[in-house]
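Report on the structure given below.
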Amino acid sequence: MGRATVADIKGRDFSELDKEAKANTENTNKGSNTNKNRNTTTSDSRGRKNRRRQKKTMVVHPVQRLFDACKDVFAHAVTGFVPPPDKIEQLSALLDEIKPVDVGLSPRMPFFSPQATRRAPTITYLHIHECEKFSLGIFCLPPSGVLPLHNHPGMTVFSKLLFGTMHIKSYDWVVGAPSNASAVAEPSQTAQRSEVRLAKVKVDSNLTAPCKTSILYPADGGNMHCFTAVTACAVLDVLGPPYSDLEGRHCTYYLAYPFTKFSGDEQVSIPEEEKDKYAWLQERDKPEDLVVEGALYTGPVIREN
């Protein structure tokens, strides 16, 4: 049970005072008390009607509804947690309805403007909320902005494209496939020798808002993905549970190589026409040209209690 709010405390005190006032009135003047009780009853009745009217007209903002739903859906989230189907449907439906204006965004904001002075455009992240169970945030990408191929270990992730067009390429690991320890990426891209693992392409297409919410899971749904902004775009992300180095949920970046590049393809039987749907992924350092800057979220404030 949560702490009593100021409103709760005041409500209880006023109720007790009202009872005392009535008792004193009865002892002083019964006739007068009758009239006052009528007035009090009329006033109380009007007050209750006004409160009911206010409750009926009170609108809960979409971001608040999303936050409240996340608290419920991810209440027991740990590494590897996947919400039940009805909860996934509930959260997806809420995200599907969220529009840029609901989170205080407009394509005219400066961090969506084209950038010609950097090798890679700067990406802006708007932090909305994070706790041990889930996080809410928005990635703002200018044209040609790229979030390189990375994973979401043991996490369920909902991604809602708020506006713009974005290319998504995602992969899932091929279970039981051999690794290839002889493969080595360019020295500038990896800190040390690293084996490659076989993955299958899950999605390789453009998404244009408005569109349905994308969902990835700990072991499928395209757990490793890369976002490329075809136009300026914004993505609202819900992660449950969020990244945590202490709990083994570390963000890892990858390089992707064609299936036919390494000798390991001889150990895997895949029809020739299907080979372009597979790739070898190799861990890499965080790309040096990846710049993600935080900015103030200016959308509706979330009530956490």
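The values are calculated or read from the model by the stated rules, or taken from the named source; none is laboratory data. In this text the structure is predicted, and so the values were computed from the model without any measurement. Cβ placement follows ideal geometry from the backbone for every residue including glycine, while neighbour counts extend to all protein chains displayed. Surface accessibility is based on the protein's heavy atoms, side chains included, excluding ligands, DNA and RNA. Shrake-Rupley method; radii C 1.70, N 1.55, O 1.52, S 1.80 Å.
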Which pairs break 22 Å Cα to Cα here: Lys87/Lys169; Lys99/Lys212; Lys160/Lys275; Lys133/Lys202; Lys169/Lys286?
Lys87/Lys169; Lys160/Lys275; Lys133/Lys202
Can you tell me the order of 280-293, 194-207, 128-141 when each peptide is scored by its average per-residue count of other Cβ atoms within 10 angstrom, highest first?
128-141, 194-207, 280-293
Ranked packing of 213-225, 79-91, most packed first, by mean Cβ within 10 Å
213-225, 79-91
Tyr125 accessible area, nearest 10 Å², 1.4 Å probe?
60 Å²
